[in-house]
Amino acid sequence: GESPLAVHLGLALLRGERMDVALQKACELGAARITLLDTARVEVRLEGKRLENRLRHWQGVLVHAAQQSGRARLPELYGPVTLAAFCEGLPDGGPRYVLDPEGAPLTPEAAPPGRAVLVTGPEGGLAPEDLAVLDAAGFRRTALGPRVLRAETAPLAGLAVLQWLWGDLAGGR
């Protein structure tokens, strides 16, 4: 049940049930690691006991999604962290993409990578200062088509495309 492509998803914190849906579907689509991001336009503020409770809840969402989808391994869940901290902690190697409606179309790597990083923004999108941090860290601004996707839809579309190209959705192979 595990993909040959290990995708590390940087997921901006989303409000309410949107976060549950994004985490559940990211697990189903084979994300190996998920880091929750606190970006400039994130409206969710979690601290102390409230943060602990949300992280426990989200871990449960991942457990149930992994069981339902037949995953052999539970995605690792980290954060929330700033974009700068996220970028500093990334290992070298593998393509890095940030979904941006004004980005260039996705152009596949010549050879299938063993891992990739995908970052998606919050409601309202990533602010210019967020994009500057990602640009400096070597992320490619990537558009998946002509439509602007909702914050909970973008990570799912991005994961599906990456898994289709190099993972276990088998379309690109």
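The values are calculated or read from the model by the stated rules, or taken from the named source; none is laboratory data. In this text, all values refer to a predicted model and were calculated from it rather than measured experimentally. Heads up, the Cβs are rebuilt from the backbone with ideal geometry, glycines too, and the neighbour counts pull from every protein chain shown. Remember, those area values only see protein heavy atoms, side chains included, never the ligands or the DNA or RNA. Shrake-Rupley method; radii C 1.70, N 1.55, O 1.52, S 1.80 Å.
Worth a mention:
- Count - residues of region 36-69 that are closer than 30 Å to Pro128 by Cα and either in contact (Cβ under 8 Å) with a residue 60 or more places away in the chain or open to solvent by less than 80 Å² (accessible area, probe 1.4 Å) (or both): 15
- Residue check, Glu2 surrounded by fewer than 20 Cβ atoms within 10 Å (Cβ to Cβ) and under 21 Å from Arg150 (Cβ atoms): no
- Contacts under 6 angstrom Cβ, first residue in region 1-17 being in contact (Cβ under 8 Å) with a residue 40 or more places away in the chain, partner open to solvent by 60 Å² or more (accessible area, probe 1.4 Å) and of a type outside the set (Val, Ile, Thr), 6 or more apart: Gly1/Ala72; Glu2/Ala72; Glu2/Arg73; Ser3/Asp168; Ala6/Arg115; His8/Arg33
- Test set (1) outside any helix (DSSP H, G or I); (2) closer than 29 Å to Ala170 by Cα; (3) in contact with a strand residue (DSSP E or B) (Cβ under 9 Å, 6 or more places away or on another chain) - Val44 fails condition number: (2)
- Taking the criterion of being surrounded by fewer than 18 Cβ atoms within 10 Å (Cβ to Cβ) and out of contact with any Leu (no Cβ under 8 Å at 6 or more places or on another chain), the residues of region 110-129 that qualify are Ala110, Ala111, Gly124, Ala127, Pro128, Glu129.
- Selection count where residues are open to solvent by less than 50 Å² (accessible area, probe 1.4 Å) and of a type in the set (S, T, N, Q), scope region 70-107: 0
- Against the criterion of being touching a residue at least 40 places away in the same chain (Cβ under 8 Å) and of a type in the set (D, E, K, R), Arg33 qualifies.
Yes/no per residue for (1) of a type outside the set (Phe, Trp, Tyr); (2) at pLDDT below 95; (3) more than 20 Å from Leu162 (Cα to Cα):
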{"site": "Leu77", "(1), (2), (3)": "yes, no, no"}
{"site": "Glu109", "(1), (2), (3)": "yes, yes, no"}
{"site": "Gly124", "(1), (2), (3)": "yes, yes, yes"}
{"site": "Ala136", "(1), (2), (3)": "yes, no, yes"}
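- Exactly one residue among Asp92, Asp20 is at pLDDT 95 or above and among the acidic types (Asp, Glu), and that residue is Asp20.
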